[in-house]
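Notes follow the structure.
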Amino acid sequence: MARDLPVVVRKYSDDESLPSVGLANLHAVVPGIEENKQKIERACQAFKQHGVGVAVFPEFCLSGYFWDEEEACWEYMEQAVTERHLDWIDQRLRPLLDDRFRAIVLNNITRGPQRKFHNTTFIVSEDVEDPLADKFSYQKVFLPGIEKTYTESGRDDRLIITARDGQERVGFTTCYDYLFNDLLREYAVVDGVDAIFQIASWRATATREYPGMNVRSELYYGDLWDSVIAAASATNQIWTVACNAVGRHGISGVAFWGGSGIWAPSGLRLVQASHLNEELLIVHNVDIASARRHEKDDFDYGFDFSEVYRPMANGLGYTRRVELSE
C-alpha cells in the first residue's frame with residue numbers, strides 16, 4: 001500500500017463490468033529520477049489493490065519539468081530519457097499488470113531529432129510489446145515557452161485507442177494541446193472518440209488584472225484549467241480524464257495546479273483532486289458510452305455542426321467582412 005499517497009475512491013455506477021480509472025495527482029521530484037520511479041511504482045501498487053483498470057500519470061512523471069539553466073537541464077534530461085529506463089518498465093511495472101489492472105498511461109521525454117527530445121505519452125500494457133512504438137504513443141503537438149528549447153513538436157500526431165470490446169474510443173492530448181479546439185474538434189467530430197485523456201504539467205500561477213473592473217487573478221493558469229476543460233468537454237460532448245502534476249518544481253519553484261479529475265460530456269466536473277497535495281484519485285465503473293448518448297439525445301453538436309458548416313475553397317467559412325465608413 002502507498003501509505004504516503006492518500007487515496008480517494010468514488011463510484012460512478014454499480015456495474016462492475018465498466019472501466020475503473022485511477023489518476024495520479026503527483027509531484028515529480030527534480031532532480032530525482034529514482035525517487036520518481038519509486039513513487040510511480042507505489043502508486044501503481046495502490047491502484048492495483050483498489051481494482052483500477054487503467055492508471056494515468058502526469059506529464060513528465062519520470063523526469064519532472066524543464067528549467068532555465070540549460071547546461072544542467074540538458075545533462076539531467078539526458079539521464080531521464082525514457083529509452084534509458086525501458087528495463088525498469090519491463091521489470092517493475094509490467095509484472096503488476098493482470099486481467100484487471102490492464103494499462104498504465106505514462107508520459108516522459110523520448111529521443112527526438114538531433115539533440116532535442118519528444119514529449120511522449122505511451123501505454124504500458126500486455127497488449128503493447130514496445131510502449132514507444134509509433135502505433136501506441138503520442139507526441140505532444142503544441143509546445144509552450146521553454147519546451148521549445150528542449151523538445152520538438154509531434155506536428156500532425158494523434159493517437160486513438162479502442163477498447164478490447166470495441167466500444168470506447170479514447171484520444172490523447174498533452175497539457176497545452178488542450179487549448180487548441182481544432183485538435184479536440186477533430187478528435188470528437190472526425191474521429192468520433194468518446195473521451196480525451198489529458199496528461200499535463202499545467203501551471204497554477206499567472207497574474208491577470210483589470211483594475212477598472214476590480215478583477216484580478218494570481219492563479220490565472222489554474223483558473224484556465226478548470227474553466228477550459230469544462231467548456232471543451234461540453235462543446236465537444238466528450239469525457240475528459242485529466243491528470244496533472246502538483247507541487248513546486250524543485251529548482252525553478254514553479255507551482256503546478258494539480259486538480260486532476262474527470263469531466264462528463266455535459267461539461268460538469270464529477271470529481272477533482274487537490275490543487276496543493278498529492279493524491280491518488282480512483283473512480284470505479286465509469287459508464288462512458290451511456291453518458292455520451294444521454295447528452296446527444298438532447299443536442300448532437302457534432303451532427304449539427306457537420307450539417308451546416310461547409311468550408312469555402314479558399315479555406316474560409318461563412319465569413320463576411322464589412323468596413324464601416326467614418
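The values are calculated or read from the model by the stated rules, or taken from the named source; none is laboratory data. Please read all numbers here as calculations on a predicted model, not as lab measurements. No Cβ is skipped: glycine too gets one built from the backbone with ideal geometry, and neighbour counts run over all protein chains shown. What goes into the accessible areas is simple: the full protein's heavy atoms, side chains included, and nothing from ligands, DNA or RNA. Shrake-Rupley method; radii C 1.70, N 1.55, O 1.52, S 1.80 Å.
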Consider D157 carefully, then state whether it is charged (D, E, K, R), touching a strand residue (DSSP E or B) at 6+ places or on another chain (Cβ under 9 Å) and under 25 Å from M77 (Cα atoms).
yes
Check whether at least one residue in the stretch 47-65 is open to solvent by 40 Å² or more (accessible area, probe 1.4 Å), more than 18 Å from N244 (Cβ to Cβ) and in contact (Cβ under 8 Å) with a residue 60 or more places away in the chain, and report yes or no. yes
Result of the Cβ filter at 9 Å on the stretch 95-113, keeping first residues that are over 22 Å from R84 (Cβ atoms) and assigned to a helix (DSSP H, G or I) and partners that are open to solvent by 20 Å² or more (accessible area, probe 1.4 Å) and charged (D, E, K, R), at least 6 apart or interchain, is none
If we keep only residues of the stretch 126-157 that are part of a loop (DSSP other than H, G, I, E, B) and farther than 19 Å from C175 by Cα, then the residue most open to solvent (accessible area, probe 1.4 Å) is E129
Taking the stretch 113-125 and the residues there that are at pLDDT 95 or above, touching a Phe, Trp or Tyr at 6+ places or on another chain (Cβ under 9 Å) and under 18 Å from E70 (Cα atoms), the one that is most open to solvent (accessible area, probe 1.4 Å) would be K116
Inset, instruction - Report whether or not A289 is assigned to a helix (DSSP H, G or I), in contact with a strand residue (DSSP E or B) (Cβ under 7 Å, 6 or more places away or on another chain) and open to solvent by 20 Å² or more (accessible area, probe 1.4 Å). - result: no
TODO: Return yes when G259 is within 13 Å of the chain's Cα centre (by Cα) and not β-branched (V, I, T) and no when it is not.
DONE: yes
If you go through Q139, Q198, the only one that is touching a residue at least 12 places away in the same chain (Cβ under 8 Å), in contact with a Ser or Thr (Cβ under 7 Å, 6 or more places away or on another chain) and within 18 Å of D226 (Cβ to Cβ) is Q198
Note on the stretch 101-112: residues farther than 17 Å from V170 by Cα and open to solvent by 50 Å² or more (accessible area, probe 1.4 Å) are R111
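Select from the stretch 170-212 the residues that are polar (S, T, N, Q) and not in a helix (DSSP H, G or I) and write down the one among them that is farthest from the chain's Cα centre (by Cα).
Looking at the filtered set, the residue picked out is T207.
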Scanning the stretch 66-89 for residues that are assigned to a loop (DSSP other than H, G, I, E, B) and open to solvent by 90 Å² or more (accessible area, probe 1.4 Å), the one farthest from L143 (Cα to Cα) turns out to be E69
Contact list, first residue from the stretch 11-36 and farther than 12 Å from V56 by Cβ, second anywhere and in a loop (DSSP other than H, G, I, E, B) and open to solvent by 70 Å² or more (accessible area, probe 1.4 Å), beta-carbon distance below 6 Å, six or more apart or interchain, is V30/I251
Restricting the stretch 201-219 to residues that are open to solvent by less than 70 Å² (accessible area, probe 1.4 Å) and not polar (S, T, N, Q), the one nearest to F60 (Cα to Cα) turns out to be W202
Only unsatisfied item for I251, checking (1) surrounded by 15 or more Cβ atoms within 10 Å (Cβ to Cβ); (2) under 20 Å from the mean Cα position of the chain (by Cα), is (2)
Apart from one, (1) at pLDDT below 85; (2) surrounded by fewer than 14 Cβ atoms within 10 Å (Cβ to Cβ) all hold for D298; the odd one out is (1)
(1) within 21 Å of A55 (Cα to Cα); (2) hydrophobic (A, V, I, L, M, F, W, C); (3) touching a residue at least 60 places away in the same chain (Cβ under 8 Å) all hold for I89 apart from (3)
Only one of (1) over 25 Å from E152 (Cβ atoms); (2) open to solvent by 10 Å² or more (accessible area, probe 1.4 Å); (3) in contact with a strand residue (DSSP E or B) (Cβ under 9 Å, 6 or more places away or on another chain) does not apply to D98, and that is (3)
